Every structure is written in C-alpha cells, then in structure tokens.
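S.K.: Below is the structure I would like to discuss, written out as structure tokens.
The values are calculated or read from the model by the stated rules, or taken from the named source; none is laboratory data. Given the structure is predicted, the values throughout are model-derived calculations rather than measurements. Because the Cβ atoms are built from the backbone with ideal geometry, glycine has one as well, and the counts that use them run over all protein chains shown.
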Amino acid sequence: MDRRFEGRDRTPTRVDHRDARASMAAPAILIGALVVIVGTFLDWASGTVIDATGTTQTETLDLGGLNIPDGRIVMGIGLALLVMAALMWANKRVGSWFDADLLGVTLSTVAIGTIVAFLIDVGDTGRSVEIGTYVSLAGAVIAFIGGLAALLRSGSDRATVDDEGRGDVGRRAAA
C-alpha cells in the first residue's frame with residue numbers, strides 16, 4: 001500500500017494496488033449448493049405403513065426431503081449456500097476472502113451434520129434411506145471441500161509477509 005496525499009487538506013490515504021479477485025470457493029460452493037437443493041426434491045426415506053392393529057402392512061410410504069424437517073433445514077442451508085456462492089462469484093475483493101470462505105465451510109458442516117443425524121435416525125425407525133439423502137450429502141461435501149480448500153489458502157494469504165510488510169502482525173502499528 002502506498003501513502004498518497006489527496007484533496008486540499010493533504011490528508012494521507014492508503015491506496016491498495018493489488019488486483020481484486022473473486023473467491024476460489026465460489027464455483028465449488030455453487031455446485032455443491034445446487035446438488036444439495038436437487039437432493040431435497042428427491043425421496044429421502046421409504047418404509048411400510050402399519051395400520052392401527054399393528055399387524056397388517058397397508059402401503060409403502062416414500063418421504064421426500066421437503067416432507068421431513070431435516071430435509072427442509074438442509075434445503076434452507078442449500079439456498080443460503082447458493083446465494084452466498086453467487087455473491088462471492090459476482091463480486092471481486094482485494095485481499096482475502098477468509099470470512100466468506102469460513103461461512104461456506106460452517107454452513108456446509110451444519111448440512112452434513114443434519115444429514116448424518118437423519119441417517120442415524122432413519123436406521124432406528126426401520127425405514128430405508130433413499131437416493132435423495134445421499135445426493136444432498138454429496139452436495140454438502142462438495143461445498144465443504146471447496147470452501148475448506150479456499151479457506152486454507154486465504155488463511156495462508158493473511159499470514160504471508162510480502163514486500164511491503166502486509167501480513168506481518170508483529171510489525172503492524174496502530175493508526
């Protein structure tokens with residue numbers, strides 16, 4: 001950064017000459033979010049319905065992701081990831097995308113945890129898991145890996161000292 005004097009009162013301002021860039025995580029989070037959303041429209045579980053006497057199986061029940069509370073939560077997270085990834089891809093930022101990458105990792109981790117809890121719960125009720133659960137899980141994992149890779153890179157950007165001393169926390173002085 002250069003210190004330049006601008007304006008009549010000659011106040012110093014900092015000018016950043018680095019190039020702005022979109023986040024590296026945006027494409028992976030966008031693809032993962034789309035896969036998560038598609039997965040919530042598919043069937044998540046199936047099982048047989050037993051009548052009130054408890055002896056007769058009357059029909060097979062298929063539960064879509066939107067018919068289950070966990071599926072609706074995952075759909076909301078997928079929509080949040082989709083909006084976040086679109087904004088990260090459309091906007092350019094000078095410096096690090098650390099905060100947005102961290103949010104992507106956090107949201108995808110919550111989606112993975114919700115889906116895994118659903119998988120554990122379905123096994124207890126005697127129902128079988130359907131393809132939509134695995135599709136949504138795969139999308140959440142894609143978003144997680146993309147966000148984590150970018151997070152690790154942006155974290156290293158923040159800790160790296162360049163020619164002008166940016167990134168060196170020990171040399172920073174209060175303004």
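S.K.: Can you tell me which residues in the stretch 121-132 are aliphatic (A, V, I, L, M) and at pLDDT 90 or above?
M.R.: Within the stretch 121-132, ILE131 is the sole residue that qualifies.
S.K.: Let me ask something else. Working only within the stretch 41-68, note down all residues that are surrounded by 14 or more Cβ atoms within 10 Å (Cβ to Cβ) and either closer than 29 Å to LEU152 by Cα or modelled with pLDDT under 70 (or both).
M.R.: Those that are surrounded by 14 or more Cβ atoms within 10 Å (Cβ to Cβ) and either closer than 29 Å to LEU152 by Cα or modelled with pLDDT under 70 (or both): none in the stretch 41-68.
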